[in-house]
1. Please determine whether any residue of region 52-65 is open to solvent by 40 Å² or more (accessible area, probe 1.4 Å), assigned to a loop (DSSP other than H, G, I, E, B) and either of a type in the set (S, T, N, Q) or touching a His at 6+ places or on another chain (Cβ under 7 Å) (or both).
2. Inside region 124-139, can you point out the residues that are among the polar types (S, T, N, Q) and either in contact with a Lys or Arg (Cβ under 7 Å, 6 or more places away or on another chain) or more than 10 Å from residue 36 (Cβ to Cβ) (or both)?
3. Limited to region 96-116, what total is found for residues that are within 12 Å of the ligand (Cβ to nearest atom), open to solvent by less than 30 Å² (accessible area, probe 1.4 Å) and over 12 Å from residue 45 (Cβ atoms)?
4. So if I check each of 87, 62, 131, 92, which one is away from the ligand (no atom under 14 Å from the Cβ) and modelled with pLDDT of 95 or more?
5. Only one of 21, 70 is touching a residue at least 60 places away in the same chain (Cβ under 8 Å), in contact with a Lys or Arg (Cβ under 9 Å, 6 or more places away or on another chain) and either within 13 Å of the ligand (Cβ to nearest atom) or open to solvent by 20 Å² or more (accessible area, probe 1.4 Å) (or both). Can you tell me which?
Amino acid sequence: MTYDPNNIFAKIVRGEAPCFKVYEDAHTLAFMDIMPQAEGHTLVITKEGAESILDLSPEGAAALIKTTQKIAAAVKRVTNAPGILLAQLNGAAAGQTVFHIHFHVIPRTSGLDLKLHARETANFEQLKTLAAKIAAAVK
Ligand code: AMP
């Protein structure tokens with residue numbers, strides 16, 4: 001599939017669509033998932049336009065995992081979750097719904113089930129507050 005530069009994450013990168021931003025550097029951006037599977041669910045994306053890990057440059061992949069590590073630590077500090085799940089889906093058959101490479105950073109606690117993928121939109125005021133807390137916890 002050809003990369004669609006009008007996908008929602010590409011629009012967020014270009015500032016054409018809003019997001020609850022947590023972190024930004026020259027190559028990557030992190031923001032709250034608006035349909036979180038757990039409180040604190042954050043997405044990390046590249047600024048490079050690539051549909052999946054298979055299309056991403058090695059430099060983009062390196063930047064993406066570096067930022068993902070940074071954000072995972074910040075999400076853990078803020079949520080106090082004992083576990084952090086990283087998920088990265090490639091292709092519709094794998095469950096990918098937005099065709100711009102991203103990592104999911106999802107806090108996990110034993111016995112607390114994840115909500116369904118991309119189903120229920122969260123309260124935007126709560127997302128805004130969480131984004132500010134996670135942003136402040138990035139080292
Ligand atoms: P995936 O299915 O791995 O492609 O995940 C896409 C994720 O993007 C889902 O978890 C959605 O909840 C999330 N999502 C979709 N649109 C937006 C948006 N405008 N801002 C933030 N997250 C979004």
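The values are calculated or read from the model by the stated rules, or taken from the named source; none is laboratory data. Computed from a predicted model, the values in this text were never measured in an experiment. Cβ coordinates were reconstructed from backbone atoms using ideal geometry, including for glycine residues, and neighbour counts include every protein chain displayed. The protein model used for the area step is the full one, side chains on, heavy atoms only, and it has no ligands, DNA or RNA in it. Shrake-Rupley method; radii C 1.70, N 1.55, O 1.52, S 1.80 Å.
1. No - not one qualifying residue is present in region 52-65.
2. Listed by number, the list holds a single entry, 129.
3. Residues meeting the conditions: 2.
4. Of 87, 62, 131, 92, the one residue that is away from the ligand (no atom under 14 Å from the Cβ) and modelled with pLDDT of 95 or more is 62.
5. Only one candidate qualifies: 70.
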